[in-house]
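**Q** What follows is a single structure, and I will ask about it in a moment.
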């Protein structure tokens, strides 16, 4: 197919020339606004106070979305925005992990504010094009493509040509062929798109397409959480394309480039010398965790019932190493030496519309391998790879899909579902073919796949309304909080991780607080006060990466050799100092590790109050499914009976030998639920919130976030 001809024949709706503005100290101080409903395109200035309070990335996304919607806005409404923003450090090429941006919107899946971080080239390309953020608003009547042409400095909206595909692995290739001037020029083109399943579900995700120059192939990174792909397809946007002239060594026009280069060289040396003896990120990426978590009984198995399984070695680190192409620099942005974006090359598909095709599959990363593997009792790596591919190209969040299928399989196991109710699909444990068929159905817009695409929360409500099962049992086993499915860590024995999941603003995602090793394995935070302090520092610290434009993996997945000698080694102090140095070197702002936390605390509290403004965000929203805390079923209790009986004796002060199994389970539940409520009290107090989880006016004043619009929201909730 002649894609240049298709490009030349594209039907323009809007063409908006603009004057390019280069970055200065990491900022252009302007956003690109596109409304596909009215076909309006404009450049919007970003106010100095917004820059001061919200920094960039996630902060800009939240501020712009707040201004775009009202408390009455629903996700389908035209005023709902998709905001994409990298922070001031996004795009630097001298320090690893600097290609991240954040997508913010009102979520179709959770109906709350969602944010999702993503790698690839689009975030940096947006900076090169001259914009700190991209705002997409309106619902188009026609299927359109938004094209940001930073070569000729023009923004276009044009009708999506009929010849183009919908699914991401093909659409990305086609659009790169259309807009790149040569094979080598493809590295200067990036695409944001979704797939067919996103059109028929609430769990669609966005693929950020980039060109892997070493492989000569198109790759994908995902903004997976909350239904962002569903929202973009609802807006009738097929893709967003950015093209830049080239990537130079200082696109951010930083204040002190040598300081950044020095810290980058230091980190690169650590990668060369330490990666192989620590996490082997360059060989297996985050999938190295598969074997590690199983050893500690915290790998989700069969909808989070268990923490390990006899077949887990079939999908552990060494297995994935054999599938991943080795010796290829697998970075998702230029200059990243962690090279963790692993891929399976020339994988032949056995199902679906692309059966027989040989494709590159990005990942599986740890979350994908666990969600699509052990959590649904699938232990054939080839099935996991196939599920991973179809989730990606169809535009489906892999974490959500693993939870959805796990929940459905457990419902099948308990008689809530049967062949009649599923339309003839056997959703028993380990049935990879059924998990794939549900994906294919969802992409076709038919069958039980449409119900699977609702997500766990709405499935629980539907099954209960139909009289198929007990809502209390389904609430216990349905691994969702705030409407978002759990990412892949078993939190039963880590009270801090339970809080790190269920107290998040958007729902249980590990990017806010990953405390399970500190709490459960190393016992570093034994008291409520210790846990509250950790749940104050780490969510704010990890939030900062999404403000500045960094990937979190480079913080602690490889640590300096002498890290254990420092005070608070769990914070990796030398790497924290790297980020302090780099942020100052990019922006020239006064900055230290304390200000890093203050920046995040302001944005975190803003997002908290944003949820309250939309009718959510208080204490009842932080309730977790009981399976996140303890054994729901007799089978679960008996699988760890020695542990639970010992806790009854030593902690609760009861004699399990004199109790029935039901009595033991009841007392364990009573104790664990009480512990969680006490944790909420401790964390709320440390965060400056009242007993209902609402930030106090005094706290907002203390952190410099006492904006009138925030005070108005919380004024009657004090």
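The values are calculated or read from the model by the stated rules, or taken from the named source; none is laboratory data. On a predicted model such as this, the values are computed, not experimentally measured, just so you know. Because the Cβ atoms are built from the backbone with ideal geometry, glycine has one as well, and the counts that use them run over all protein chains shown.
Every residue, every condition in (1) under 29 Å from residue 113 (Cα atoms); (2) crowded, with 20+ Cβ neighbours inside 10 Å; (3) in contact with a strand residue (DSSP E or B) (Cβ under 9 Å, 6 or more places away or on another chain); (4) not assigned by TED's automatic domain parsing to the domain that holds residue 527, yes or no:
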site	(1), (2), (3), (4)
608	yes, yes, yes, no
645	no, no, no, no
652	no, no, no, no
677	yes, no, no, no
690	yes, no, no, no
695	yes, yes, yes, no
706	yes, no, no, no
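**Q** Further, regarding this structure: Quick one: would you say residue 473 is modelled with pLDDT under 95 and more than 18 Å from the chain's Cα centre (by Cα)?
**A** no
**Q** Further question on the same structure: From 443, 432, which residue is modelled with pLDDT of 95 or more and surrounded by 23 or more Cβ atoms within 10 Å (Cβ to Cβ)?
**A** Exactly one residue qualifies, and that residue is 443.
**Q** When region 47-79 is examined, which residues are found to be touching a helix residue (DSSP H, G or I) at 6+ places or on another chain (Cβ under 7 Å) and part of a loop (DSSP other than H, G, I, E, B)?
**A** Those that are touching a helix residue (DSSP H, G or I) at 6+ places or on another chain (Cβ under 7 Å) and part of a loop (DSSP other than H, G, I, E, B): 55, 56, 57, 71, 75, 76, 79.
**Q** Answer yes or no as to whether residue 276 is without any contact (Cβ under 8 Å) to a residue 60 or more places away in the chain and more than 30 Å from residue 80 (Cβ to Cβ). Give the derivation first.
**A** Values: without any contact (Cβ under 8 Å) to a residue 60 or more places away in the chain: yes; more than 30 Å from residue 80 (Cβ to Cβ): yes.
Yes; evaluated as a whole, the condition is true for this residue.
**Q** From 562, 557, grab the single residue that is in contact with a helix residue (DSSP H, G or I) (Cβ under 6 Å, 6 or more places away or on another chain) and more than 21 Å from residue 703 (Cα to Cα).
**A** Answer to the selection: 557.
**Q** Residues in region 630-642: is at least one under 36 Å from the mean Cα position of the chain (by Cα), modelled with pLDDT of 95 or more, within 20 Å of residue 531 (Cα to Cα) and outside the structural domain of residue 407 (by TED's automatic domain parsing)?
**A** Within region 630-642 (the criterion being under 36 Å from the mean Cα position of the chain (by Cα), modelled with pLDDT of 95 or more, within 20 Å of residue 531 (Cα to Cα) and outside the structural domain of residue 407 (by TED's automatic domain parsing)), the answer is yes, since at least one residue qualifies.
**Q** Given the structure, is residue 282 crowded, with 21+ Cβ neighbours inside 10 Å, assigned by TED's automatic domain parsing to the domain that holds residue 39 and either touching a helix residue (DSSP H, G or I) at 6+ places or on another chain (Cβ under 7 Å) or not in a helix (DSSP H, G or I) (or both)?
**A** no
**Q** Let me ask something additional. Right, residue 576: closer than 25 Å to residue 518 by Cβ and assigned to a helix (DSSP H, G or I) or not?
**A** Details: closer than 25 Å to residue 518 by Cβ: yes; assigned to a helix (DSSP H, G or I): yes.
Spelling it out, residue 576 is indeed closer than 25 Å to residue 518 by Cβ and assigned to a helix (DSSP H, G or I).
**Q** Sticking with this structure for a sec: Any chance region 591-602 includes a residue that's under 28 Å from the mean Cα position of the chain (by Cα), more than 23 Å from residue 539 (Cα to Cα) and assigned to a loop (DSSP other than H, G, I, E, B)?
**A** Among the residues of region 591-602, not one is under 28 Å from the mean Cα position of the chain (by Cα), more than 23 Å from residue 539 (Cα to Cα) and assigned to a loop (DSSP other than H, G, I, E, B), which makes the answer no.
**Q** Does residue 301 satisfy the criteria of being closer than 26 Å to residue 515 by Cβ, within 23 Å of the chain's Cα centre (by Cα), surrounded by fewer than 18 Cβ atoms within 10 Å (Cβ to Cβ) and not assigned by TED's automatic domain parsing to the domain that holds residue 137?
**A** In short, no.
**Q** Let me ask another. Could you check region 84-127 and list, in sequence order, the residues that are farther than 24 Å from residue 151 by Cβ and not in a loop (DSSP other than H, G, I, E, B)?
**A** Those that are farther than 24 Å from residue 151 by Cβ and not in a loop (DSSP other than H, G, I, E, B): 102, 103, 104, 105, 106, 113, 114, 115, 116, 117.
**Q** Same structure, new question: Could you say which residue among 617, 688 is at pLDDT 95 or above and at positive phi?
**A** Unique residue meeting the criteria: 688.
**Q** Continuing with the same structure: Determine whether region 304-312 contains at least one residue that is at pLDDT 95 or above, more than 30 Å from residue 261 (Cβ to Cβ), under 21 Å from the mean Cα position of the chain (by Cα) and crowded, with 18+ Cβ neighbours inside 10 Å.
**A** yes
**Q** Which number in (1) touching a residue at least 24 places away in the same chain (Cβ under 8 Å); (2) over 18 Å from residue 265 (Cβ atoms); (3) assigned to a loop (DSSP other than H, G, I, E, B) marks the one condition that residue 567 misses?
**A** For residue 567, the failing item is (1).
**Q** For region 52-69, which residues satisfy the criterion of being farther than 17 Å from residue 609 by Cα and within 24 Å of the chain's Cα centre (by Cα)?
**A** Once the filter is applied, which keeps residues that are farther than 17 Å from residue 609 by Cα and within 24 Å of the chain's Cα centre (by Cα), region 52-69 yields 55, 56, 57.
**Q** Something else: Output the number of the condition that residue 345 fails; it satisfies all remaining conditions of (1) within 30 Å of residue 23 (Cα to Cα); (2) modelled with pLDDT of 95 or more; (3) out of contact with any helix residue (DSSP H, G or I) (no Cβ under 8 Å at 6 or more places or on another chain).
**A** (1)
**Q** Do you know which residues across region 123-168 are buried (at least 24 other Cβ atoms within 10 Å of the Cβ) and farther than 26 Å from residue 67 by Cα?
**A** 168
**Q** Checking the conditions here, which among 261, 222 is under 28 Å from residue 328 (Cα atoms) and buried (at least 24 other Cβ atoms within 10 Å of the Cβ)?
**A** Working: 261 fails: buried (at least 24 other Cβ atoms within 10 Å of the Cβ).
Of the residues listed, the single one that is under 28 Å from residue 328 (Cα atoms) and buried (at least 24 other Cβ atoms within 10 Å of the Cβ) is 222.
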